[in-house]
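Below: the structure, in structure tokens.
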């Protein structure tokens, strides 16, 4: 056993340019096949949850103010619109990325609510995968625990934690 450990140490070392030996960092977690399967499963489940909204219409809570009745957003992405996004407090909020996101949606889809909501569903999928990746990188959890953390990711986004509201 001692010889095997010594051999591993020798293979983990490399000679630096100045002739001194340096230890390579070999403990970088990578996605294995089980992790990729969990990621695909999370993406599918999260999309299945949120894709239901594709047939919905805009709601009357804030969609008229943010999208439907907002000429700066309805024009799509323009230089004037970008300047407006970074300087306005329209709807009593300063959130330029929200405005730019809505401008991009209007540029691509007009005022088709279903497609705007599809983009939100895809953002939820991305958030779920980012949470899982973060937990994987920070906890180095074993396989069974990774699956549990994956379920947490999907349920967290479903509750709105770390997600964009649909």
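What follows is calculated from the coordinates using simple rules that are stated; it is not laboratory data. Keep in mind the model is a prediction, meaning the values are calculated, not measured. All Cβ positions, even for glycine, are placed from backbone atoms using ideal geometry, and neighbour counts span all protein chains on display.
Could you check region 97-113 and list, in sequence order, the residues that are surrounded by fewer than 14 Cβ atoms within 10 Å (Cβ to Cβ) and assigned to a helix (DSSP H, G or I)?
97, 108
Please state which of the following conditions residue 67 fails to meet, knowing it meets all the rest: (1) free of Cβ contacts under 8 Å to residues at least 24 places away in the same chain; (2) part of a helix (DSSP H, G or I); (3) closer than 21 Å to residue 117 by Cβ.
Single failed check for residue 67: (1).
Which ones in region 79-92 are in a loop (DSSP other than H, G, I, E, B) and surrounded by fewer than 13 Cβ atoms within 10 Å (Cβ to Cβ)? Write out each step before concluding.
Looking only at region 79-92, we keep the residues that are in a loop (DSSP other than H, G, I, E, B), and these are 88-89.
Correct list: 89 only.
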